[in-house]
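Contents: one structure, followed by commentary.
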Amino acid sequence: MNHYSLWKYILILFLLGLGILFALPNLYGKDPALQVSATGSSAISQLTEFQVSTALEEAELAFKAIDIGPDSLVIRFNNEESQLKAQPVVEQSLGRNYVVALNLAPATPGWLDSLGAEPMFLGLDLRGGVHFLMQVDMAAAISKAEEAYRADIRSSLRAQKIRYKTITRHKSGGLLVRFKDDEERDKGQALIADDFPTLDAVLAEAPSGESQLRVTLKEQNVLDTQKLALQQNITTLRKRVNELGVAEPVIQQQGLSRIVVQLPGVQDPAVAKKILGATATLEFRLVDDDHNVQDAIDGRIPAGAELYYQRSGLPILLEKQIMLTGDSIIDAASGIDGESGGPNVTIMLDGKGAKRISRGTRDNVGRRLAVVFIENKIAVVEKEGQLVETKQITKEVISAANIREQLGRRFQITGLDSTQEARELSLLLRAGALAAPIYIIEERTVGPSLGQDNIDQGFNSVMIGFALVLIFMMVYYKIFGLIANVALSLNLVLIVAMLSMLQATLTLPGIAGIVLTVGMAVDANVLIFERIREEVRNGNSPQASIHAGYEKAFSTIADANITTLIAALVLFSFGTGPIKGFAVTLSLGILSSMFTAIMVTRGLVNLIYGGRRLDKLTL
């Protein structure tokens, strides 16, 4: 009666073995480290490793090891003091073509790492760092989107010879179009409804003798504009943070108009603000194909030209005269070119920019037009033994495509290698040209000592609660209590393993979820054991009582856990930040506790009592 098939034992052992394997990396901790990554045309090589090791030896800074990978170089140290001292030394030895980031490198053995087993991440409240909650000015984004339609409406009205007086901003938002009379106004309203389906044109109150329309974005268009503004700003912030090498940053949307930025390891909010406040612009320049690029590389730059470098690292010669700046770009979208079938990016300009690009490309059809991405940021460098803040300007050519015809308000950039590159370019163009203003509305700094205190207190809370439950179960249920304790221990291992496999971030509320899971996990065994007791009191044999106890308690356990799981999923869906962390650990704990409390304990009970003639149960 109380027997498991062989495949069930194999399944239990396999899952438990997998859990123990993926939980192991969390026992080895992390080493303070510097992570070096290349930018532009630079690359990580053996020469990079030699430069770093030589610079550290000359500075008499000891390091544990240097791990070289295809995209990065990781230098491990014994303590954080050596790590902090080494950062400016490594930055100075490698130059500006490399990013040197403070990091914590997992001390996982090679054999575990080769199996893909990695430790879970620690949240900001456990590790320390800076937290910003940023508000995106959606009113400004919508205002700019409405402004973008002004030139289009004006051109359409003129093309249809509909007489209007002015197109201005309405005091309550949107555009105000003034017409000569009601007849012209009705024609204009019909035209806007046909040519601009994303706009609403309604009659506006006007002084006697005037006819006016108020033009606003439709609700769906407003939502799309807000979504685009958030996407642009998140893209820009992520690029800046990643280039400056902040390890494991969190940059994510919160609600419809806010962005959460968490920078683990950054302890100075002023420095973080400067990172996030870096500005980016764009320039459009003609490529100078009349002169030799090699001469410019050798120092003989022709008059009226400048030497730049493309993202691939190849040099390119551009004219000094700027045809257009990114301030004139209203929108950019990736797509597929109808003629060549290759990827392209469609750009839309404002009225002033359209005139400039039209004049600039009229006599230059067939030549190449380059898009230069320029970023201004603050960097900290060492001068005369002191760390000094300096402004750095990074310029790179992100695209250089042929001009096929005189360009106007809308034009395309072609010659791109892939649709992915087209999407990235369109995001860069939008992020560099049109990003809604951002305001920091909440700022928190968590020190590393406070983070360690959180870890210690969270660990103690789990261990104390865990120990009390173990003692109670062992005293109250004897052998069955010991079986439940084994399952409870394995449950904790499986939770840690799943967090590691998912590369989830453990936060303080997440630890609270684990503590709650400890109580809930043993609750299932209490239900089973009490049911077995009841069956024994009713006069059933021990074997029949065990079987009935597990069978009859299952529905109650399932109901309780499924109800809690639904609540956890709702918390995860509608919650943010810490609430999500609590919901994740609670959900994983419920799944693992169902497995350990039912299958694992039943397997152990079957091994101990199955196939034996029992007169009584030690319960």
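So here's what we get for this one:
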item	result
Count of residues meeting criterion [surrounded by fewer than 17 Cβ atoms within 10 Å (Cβ to Cβ), more than 11 Å from GLN412 (Cα to Cα) and touching a residue at least 12 places away in the same chain (Cβ under 8 Å)] in segment 330-350	2
Residue match in segment 461-481 (condition: outside any helix (DSSP H, G or I), at positive phi and in the same structural domain as THR585 (by TED's automatic domain parsing))	no
Which numbered condition ALA140 misses (of (1) more than 25 Å from LEU499 (Cβ to Cβ); (2) out of contact with any Pro (no Cβ under 6 Å at 6 or more places or on another chain))	(2)
Subset of segment 66-90 [at pLDDT below 85, of a type in the set (Asp, Glu) and within 14 Å of GLU49 (Cα to Cα)]	ASP71
Selected residue (only one of VAL136, VAL177 is more than 30 Å from PRO25 (Cβ to Cβ) and at pLDDT 85 or above)	VAL177
Number of the exception - VAL605 against (1) in the same structural domain as ILE12 (by TED's automatic domain parsing); (2) out of contact with any Leu (no Cβ under 8 Å at 6 or more places or on another chain); (3) surrounded by fewer than 18 Cβ atoms within 10 Å (Cβ to Cβ)	(3)
Segment 280-307 residues that are part of a loop (DSSP other than H, G, I, E, B), paired with ones that are surrounded by 19 or more Cβ atoms within 10 Å (Cβ to Cβ) and among the basic types (Lys, Arg) (beta carbon under 8 Å, 6 or more apart)	none
Among residues of segment 341-366, those that are basic (Lys, Arg) and either under 16 Å from GLU283 (Cβ atoms) or not assigned by TED's automatic domain parsing to the domain that holds ARG404 (or both), counted	2
Within segment 309-326, tally of residues that are part of a loop (DSSP other than H, G, I, E, B) and either under 32 Å from the mean Cα position of the chain (by Cα) or of a type outside the set (S, T, N, Q) (or both)	7
Condition broken by LEU286, with the remaining ones in (1) under 25 Å from GLY353 (Cα atoms); (2) modelled with pLDDT under 85; (3) not β-branched (Val, Ile, Thr) satisfied	(2)
Every pair of residues 6+ apart whose Cβ atoms lie under 6 Å, when the first sits in segment 154-165 and is over 15 Å from PHE196 (Cβ atoms) while the second is among the acidic types (Asp, Glu) and surrounded by 13 or more Cβ atoms within 10 Å (Cβ to Cβ)	ARG163/GLU184
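The values are calculated or read from the model by the stated rules, or taken from the named source; none is laboratory data. No experiment lies behind these values; they were computed from the predicted model shown. Every residue, glycine as well, gets a Cβ built from its backbone with ideal geometry; the counts of neighbours run over all protein chains shown.
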